[in-house]
Structure formats: C-alpha cells, structure tokens
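Just so it is clear, none of the values below were taken in a lab; they were calculated from the coordinates. Since the structure is predicted, the reported quantities are computational estimates derived from the model, not experimental observations. Every residue, glycine as well, gets a Cβ built from its backbone with ideal geometry; the counts of neighbours run over all protein chains shown.
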C-alpha cells in the first residue's frame, strides 16, 4: 500500500485493511466507545494548531480528525449500519437544505439572517415541537461554558433575554452577592449552586459582547501559566524557592509578569 500520492479512496481502503483479520490487533479491538476519547483529543489538537497559526500542524491534525471519522464509519459499515459514503451523503444533503439562501429561494443578506434561517430549518428537520426541545437539542456533553452560551443563544431567539447588557451586569452583581451570602452561611450545597448561577450570568455578559467564554477562559488559563512560569524563573534567578517566598513577594513578581504577558 506504499504510494507517493494517496487518495480519499486509499484512506478508506487502509482503514478496511487495518480492521481486517490480517490487519492491526489494536485497530480491530476498537469500537465507538473506546474511540470517543481520541476524537476529543484530536479535536482539541486542531484547535491548538489554529491558535498557534501553524498550517503544517493544522493540516496534520485535520487528517487525524478525518481518520477518526473514517474509523467510526468503518466500524458502522461492518455492523451493517452506514458507511463513509453515507456520512458524506448525509452531510451534503444537510448543507444544501440548510443553505436555501444559496441553493434555494430563501433570502439571507447578513450573517445574522443566515443564523436565523439555519435555526428555523434545523428546528423543522429535528421535528422540535416546542422551545424547550430546542434547548434539549444542545448536546449535554459539551464543555459547560460552551453549552451555557448555546443555551442562552437559543433562549434569546424567542425573546427570553435581557433588554441590554446593563441588566446582565446587574445580574452578575446579584449572583455574586448571593454567592457571598451562601458562603457566609456555611451552606456548601447552596454555595455550589450559587457558583453555577454566577458563572451562568458571566456567560450572559460574554454573549452580549459576542465573546466565546470557552475560548476566553482558555486564553486566561494559558496566560496564568505563562505568568506563573515567569515568577518561578525569576525566583530561581534570585536564588529563592517559590515555596519559601511570601505571598507579597510572589505578588511583586506577578506584577512584573503582567507587564510582559
């Protein structure tokens, strides 16, 4: 199977061989459940490649995601369920149907018009009978911040939303106050509930600002790591161990790090 140039059909054949009795023992043992973690990992590696603005890495990681799609499709075909060609047929039909402003007679002049039309068509496709079923349609396995954002977007579509961002800010302040009250009362269960309410309210602010909270928090985490790395490096240069420094000393180095990161 060694070739200089491989095609899409070659990839399908490679997977078929790997899953055959003469193929790879590891590949033969896999099923949809065992492969879930790899699909998640590969997806995040694609996101990392995009963040790094590295086209070579992006090309490689997109290939890894494609491999996972082919892998799942091959397993399904062996079980008599569907094939990779069925996957392509299904998504092609979906794209044509959901872009009726391109392939049909619907009108959509702006990106917001497209989103509204997409949601309308999707609701018809899924056979949603009420607005709650639309909310239930948001996958529960999504990261919580991303799921919150999508849930709030869909609720806003039917008018269940603050009139402006000022009201959303007031809600954040209200939830922060309730969290403090719960903490002061010593009620751990109530504190957990209020933490969730506060996070949900902050996601609302992000939605008004059209900022993806999941990406924003990821950026903050990366920034924290860079700054922490800086203070550890500076403490070493000073001949000190972090564990032996006071919080005030570390705060001083943190302020230095903030000027650089």
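If I filter the range 221-236 for residues that are closer than 30 Å to residue 121 by Cα, in a helix (DSSP H, G or I) and under 24 Å from the mean Cα position of the chain (by Cα), do I get at least one hit?
no
Just to be sure I understand the filter: pairs with C-beta atoms under 7 Å, separated by 6 or more residues or on different chains, first member in the range 211-229 and free of Cβ contacts under 8 Å to residues at least 40 places away in the same chain, second member surrounded by 12 or more Cβ atoms within 10 Å (Cβ to Cβ) and not in a helix (DSSP H, G or I). Which pairs pass?
Pairs found: 223/261; 226/261; 227/261.
Quick one: which residue in 87, 91, 172, 158 is surrounded by fewer than 15 Cβ atoms within 10 Å (Cβ to Cβ) and touching a helix residue (DSSP H, G or I) at 6+ places or on another chain (Cβ under 8 Å)?
The unique qualifying residue is 158.
Could you name every one of the helices (runs of 4 or more DSSP H) located completely within the range 7-77 that has at least 1 residues being out of contact with any strand residue (DSSP E or B) (no Cβ under 8 Å at 6 or more places or on another chain), free of Cβ contacts under 8 Å to residues at least 60 places away in the same chain and under 23 Å from residue 90 (Cα atoms)?
By residue number, 8-18, 32-51.
Yes or no: residue 253 surrounded by 16 or more Cβ atoms within 10 Å (Cβ to Cβ) and part of a helix (DSSP H, G or I)?
Considered against the rule, which asks whether it is surrounded by 16 or more Cβ atoms within 10 Å (Cβ to Cβ) and part of a helix (DSSP H, G or I), residue 253 comes out as yes.
Do we find that residue 97 is out of contact with any strand residue (DSSP E or B) (no Cβ under 9 Å at 6 or more places or on another chain) and assigned to a helix (DSSP H, G or I) in this structure?
Yes; evaluated as a whole, the condition is true for this residue.
Condition test on residue 53, is it surrounded by fewer than 12 Cβ atoms within 10 Å (Cβ to Cβ), farther than 16 Å from residue 31 by Cα and under 21 Å from the mean Cα position of the chain (by Cα)? Explain how you work it out, then say what you get.
Numbers: surrounded by fewer than 12 Cβ atoms within 10 Å (Cβ to Cβ): yes; farther than 16 Å from residue 31 by Cα: yes; under 21 Å from the mean Cα position of the chain (by Cα): yes.
It is true that residue 53 is surrounded by fewer than 12 Cβ atoms within 10 Å (Cβ to Cβ), farther than 16 Å from residue 31 by Cα and under 21 Å from the mean Cα position of the chain (by Cα).
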